[in-house]
1. Counting other C-beta atoms within 10 Å, which of Ile217, Ile196 has the fewest, and how do the rest follow?
2. Taking 0.36 nm per intervening residue step and subtracting the Cα-Cα distance, what contour gain separates Glu246 from Asp81 on full extension?
3. What Kirkwood hydrodynamic radius do you get for the chain when you take the inverse of the mean 1/r over all pairs of distinct Cα atoms, in Å?
4. Could you give the nm distance between label points at Ala60 and Asp141, where each point is 7 Å from its Cα heading toward the beta carbon?
5. Express as a percent, rounded to the nearest 5, the fraction of DSSP beta bridges in the chain (both residues included) that run antiparallel.
6. Can you pull out the trypsin sites (Lys or Arg not before Pro) in segment 61-153 whose DSSP state is coil and whose Cβ has at most 11 other Cβ atoms within 10 Å?
7. Return the FRET efficiency for the residue pair Asn88, Glu123: r is the Cβ-Cβ distance, R0 is 22 Å, and the value is rounded to the nearest 0.05.
8. Just in segment 184-272: which trypsin sites (Lys or Arg not before Pro) are loop by DSSP and have at most 15 other Cβ atoms within 10 Å?
Amino acid sequence: MKTLTMNNGVEIPVLGFGTFRTAQEETEKSVLTAIESGYRLIDTAEAYHNEEYVGNAIAACGVPREELFITTKVTFRAFDDARTSVENSLRYMRLDYLDLVLLHWPFGNYYAAWRTLEKMQEEGKIRAIGVSNFNPDRFIDLIHYNKVTPAINQIETNLYCQRQAEHVWEDKYGITHQSYAPLGQNRANEMFEEPIVKMIAEKYGKTPAQVCLRFMIEEKVVVIPKSTHANRIKENIDVFDFALTETEIAALRTLDKKMNVAGNPENPEKVEIAMSWK
Ligand SMILES: NC(=O)c1ccc[n+]([C@@H]2O[C@H](COP(=O)([O-])OP(=O)(O)OC[C@H]3O[C@@H](n4cnc5c(N)ncnc54)[C@H](OP(=O)(O)O)[C@@H]3O)[C@@H](O)[C@H]2O)c1
């Protein structure tokens, strides 16, 4: 598995496995299949209510803990007491430390939560801390008034929502760009029907989903596709035996519609949806 080095020297796999909306009863099996297929980064969150099942898979997989990269996120409802949230995540997953903990959304008391994460990183309970759904104005603010620069910003990023402007700001501040919804949550799957994508897929004997994932990896974006199907779990990691040309990358860049299908903290309707999560 290829890795990128984050701003604190910790390495992160360029491709990992997502677990959003994976039902509790499917989580253990799909995470185990992912680890058996070669994934080492597993992405969960307090808000997904499946950390215990991720923990079952970690316990059963037989891969040494230090070879795995486990991410979780603190939900904004817990920002006043992020320590308890992180300790609960550790307990649910039966782990001594987490590789990456993110603030899930830039709402509520995220300054307090960030300072707690800074302390927990110092204490060795977390190897790297980062943010999610932070637009550049929010992370620039956070960086200016706190000690640690986020290692990661996890934001919706896919063929139709490439976040090229955000990537420039992340680069400027040394933040690694991580994509969620790299396949558009399968809602905007007309991206798999794009003639350019299909042409490139045919040329390399790959699927359109693999082309989309490879494109983001080549753009130095870490991807964490989710699936509950073994064939797709294997398909999504099988992207390391081909490379796109500069011309192909340039052509894929033109397909950016700057269109969010999942989250965007600037969009009040999306914010209302996020606020209503239980
Ligand atoms: N920080 C945040 O706010 C945030 C928000 C959303 C997601 N995330 C994280 O990012 C991860 C990935 O995002 P996501 O799960 O929202 O969306 P995604 O990975 O873009 O898409 C997942 C959907 O695509 C389908 N799929 C998977 N592989 C496929 C393939 N090769 N061909 C066709 N369809 C395929 C899956 O169906 P099946 O499962 O039926 O195969 C599922 O419906 C999440 O699981 C979560 O860990 C974070």
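1. Fewest to most other Cβ atoms nearby, the residues stand as Ile196, Ile217.
2. Roughly 54.7 nm would be gained on extension.
3. Roughly 18.8 Å, rounded to one decimal.
4. Taking the simple label geometry, Ala60 and Asp141 are separated by 4.4 nm.
5. 15 percent
6. Lys147
7. E(calc), rounded to 0.05, equals 0.85.
8. For trypsin sites (Lys or Arg not before Pro) across segment 184-272 that sit outside H, G, I, E and B with at most 15 neighbouring Cβ atoms in 10 Å, the list reads Arg187, Lys220, Lys257, Lys258.
No lab work stands behind these numbers, since they all come straight from the coordinates. Remember, it's a predicted structure, so these values are computed and weren't measured experimentally. All Cβ positions, glycine included, derive from the backbone under ideal geometry; neighbour counts span all protein chains shown.
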